[in-house]
Amino acid sequence: MTDDETLRVYAHKAAEYEEVTGRAAAEDPLLAKFISELPPGSHVLDLGCGPGLCASAIAAAGHRVTATDAVPEMIERAKKHAGVTAQLATFDQIEGEDAYDGVWANFSLLHAARDAMPRHLAALHKALKNDGLFHIALKSGQDSKRDRLGRLYTYYTDDELAALLCEAGFTVTDRFSGRDKGLDGSLADWIALHAHA
């Protein structure tokens, strides 16, 4: 994600974002499901980790976590969690082949440009081990637009996202949806898919 305005918002609101998402991370049933399906001692990539709350939960469950984010202020927060290796990186810096047992991309790739999504998904598929577990969550809808804070979002329908995953080589195994309040205070519909490489 390279949209400067979006990065500035997250840098400025890092503390508030950590507070808003703290309880959600601790009580997230999809995170619990993801963790429960990982092989023991897995290596997991938390892509767009924010303050590292989900990465911390994954590490606390006995897994090795590499957490990446494009915002230095978020990386500083993520580094404070035990068992988490936090690195400053954009989506275009996804690297490796057969490197991870799981990838947690929770409300991060929604900031990627639509034309870049196939490239990012292909890189993640390559980085995952055979049958590796992939979680992706995005806000659902159509088109792209900025929220009240200025963050740029790209919206997808459930079927559109599933098709993109299939094109990248993933097999979708579960689909979820919901509606929650975000950092800007507005309610938004979301979709999440679990898939295997």
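All of the numbers you see were taken from the coordinates with simple rules; none came from a lab. Quick caveat, the model's predicted, so the values are computed rather than measured. All Cβ positions, even for glycine, are placed from backbone atoms using ideal geometry, and neighbour counts span all protein chains on display.
A few comments on the model shown:
- Note on region 36-52: among residues that are out of contact with any Gly (no Cβ under 6 Å at 6 or more places or on another chain) and outside any loop (DSSP other than H, G, I, E, B), the one that is nearest to Lys79 (Cα to Cα) is Asp46.
- Residue within region 20-28 that is in contact with a Leu (Cβ under 7 Å, 6 or more places away or on another chain) and either charged (D, E, K, R) or surrounded by 21 or more Cβ atoms within 10 Å (Cβ to Cβ) (or both) present: no
- The set of residues from region 16-44 being touching a helix residue (DSSP H, G or I) at 6+ places or on another chain (Cβ under 7 Å) and over 19 Å from Asp180 (Cβ atoms) comprises Ile35, Val44.
- Condition met for Ala60 (buried (at least 24 other Cβ atoms within 10 Å of the Cβ) and farther than 17 Å from Leu109 by Cβ): no
- Residues (within 19 Å of His194 (Cα to Cα), surrounded by fewer than 20 Cβ atoms within 10 Å (Cβ to Cβ) and touching a residue at least 40 places away in the same chain (Cβ under 8 Å)) located in region 63-106: Ala99
- Just so you know, in region 29-57 the residues that are touching a Phe, Trp or Tyr at 6+ places or on another chain (Cβ under 8 Å) and surrounded by fewer than 20 Cβ atoms within 10 Å (Cβ to Cβ) include one that is nearest to Val103 (Cα to Cα), and it is His43.
- Residue among Ala137, Ala163 that is hydrophobic (A, V, I, L, M, F, W, C), closer than 20 Å to Met117 by Cα and over 17 Å from the mean Cα position of the chain (by Cα): Ala163
- Sole exception among (1) out of contact with any Gly (no Cβ under 9 Å at 6 or more places or on another chain); (2) assigned to a loop (DSSP other than H, G, I, E, B); (3) hydrophobic (A, V, I, L, M, F, W, C) for Leu31, by number: (2)
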